[in-house]
């Protein structure tokens, strides 16, 4: 066998269908698109979610729930996590800037401290919201809480 004798396996390749190159090609005339109608014409785009007259899925499935446009989404930190975060990142004052710098929250996130767990250390907080239980636990441990607007 020589290099110029190499060929792909039989049936591994096929010639592309050359459309619109005259009747002798077998794909002339309507260029395999059939006659008339939107699909045979230039610039045709299938409509999004059109299912050929069948009721589209977004209309078959009922609407559920309610999205409150005034809801404020908070990143939640429990007081049980605070000592771990302080030890890992060396934080004494939990502000939005210090949490962002240590990749705990995103740049535009709002933070809420919740009261799940125990707090032994003394920490200062400057966050967007604090639950009553968390505020009592922080102040009992000797820390301070400032709520940002």
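All of the numbers you see were taken from the coordinates with simple rules; none came from a lab. Values in this document were obtained by computation on a predicted structure and should not be read as measured data. Methodologically, a virtual Cβ is constructed for each residue, glycine included, from the backbone with ideal geometry; neighbour enumeration extends over all protein chains shown.
Points worth noting:
- Counting only residues that are closer than 14 Å to residue 78 by Cβ and not in a loop (DSSP other than H, G, I, E, B), the stretch 100-115 holds 4 of them.
- Residue match in the stretch 102-120 (condition: surrounded by 11 or more Cβ atoms within 10 Å (Cβ to Cβ) and out of contact with any helix residue (DSSP H, G or I) (no Cβ under 9 Å at 6 or more places or on another chain)): no
- Residue match in the stretch 122-142 (condition: buried (at least 17 other Cβ atoms within 10 Å of the Cβ) and free of Cβ contacts under 8 Å to residues at least 24 places away in the same chain): yes
- Restricting attention to the stretch 1-46, the residues that are surrounded by 10 or more Cβ atoms within 10 Å (Cβ to Cβ), assigned to a loop (DSSP other than H, G, I, E, B) and within 43 Å of the chain's Cα centre (by Cα) total 7.
- Scanning the stretch 76-93 for residues that are out of contact with any strand residue (DSSP E or B) (no Cβ under 8 Å at 6 or more places or on another chain) and loosely packed, with under 13 Cβ neighbours inside 10 Å yields 84, 87, 88, 90.
- Looking only at residues of the stretch 123-136 that are touching a strand residue (DSSP E or B) at 6+ places or on another chain (Cβ under 9 Å) and not in a strand (DSSP E or B), we find that the one that is nearest to residue 149 (Cα to Cα) is 128.
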